[in-house]
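The values are calculated or read from the model by the stated rules, or taken from the named source; none is laboratory data. All values derive from a computational prediction rather than experimental measurement. Here the Cβ is made from the backbone with ideal geometry for all residues, glycine too, and neighbour counts use every protein chain on show. For accessibility, only protein heavy atoms count, side chains too; no ligands or nucleic acids. Shrake-Rupley method; radii C 1.70, N 1.55, O 1.52, S 1.80 Å.
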Amino acid sequence: MDIHWAALGGVFGVSLGITLLTVVLFALGVAAQPRGDGGGHGGERSRGANRTATAAALLCFGACLAVAVYGLTLIIGG
């Protein structure tokens, strides 16, 4: 039995990178969500800034969902 160390290292590197990317995207989504709801700053933020923050949060959460669904399709093999 032979272990192909380069392939194993490549899989580890890609897995680590995607995991870190997903965690960062989720954290950015969580950080942007209260700003989009208008919380934290009272009424001083404009309506356009709230919509931008909400859109950014939804985009981050959507990217996390896409990564999770893609991973499941790789595991299930459809």
(message) So the check is Cβ under 7 Å with 6+ separation or different chains; which pairs have a first residue in the range 3-20 that's without any contact (Cβ under 8 Å) to a residue 12 or more places away in the chain and a second one that's acidic (Asp, Glu)?
(response) none
(request) Return the pairs, sorted by first residue and then second, in which the second residue is in a helix (DSSP H, G or I) and open to solvent by 70 Å² or more (accessible area, probe 1.4 Å), the first residue lies in the range 49-77 and is touching a residue at least 12 places away in the same chain (Cβ under 8 Å), the beta carbons are less than 6 Å apart, and the residues are 6+ apart or on different chains. (result) Ala53/Arg35; Ala57/Gln33; Cys60/Leu28; Cys64/Phe26
(request) State whether one or more residues within the range 18-39 are open to solvent by less than 60 Å² (accessible area, probe 1.4 Å), at pLDDT below 85 and outside any helix (DSSP H, G or I). (result) yes
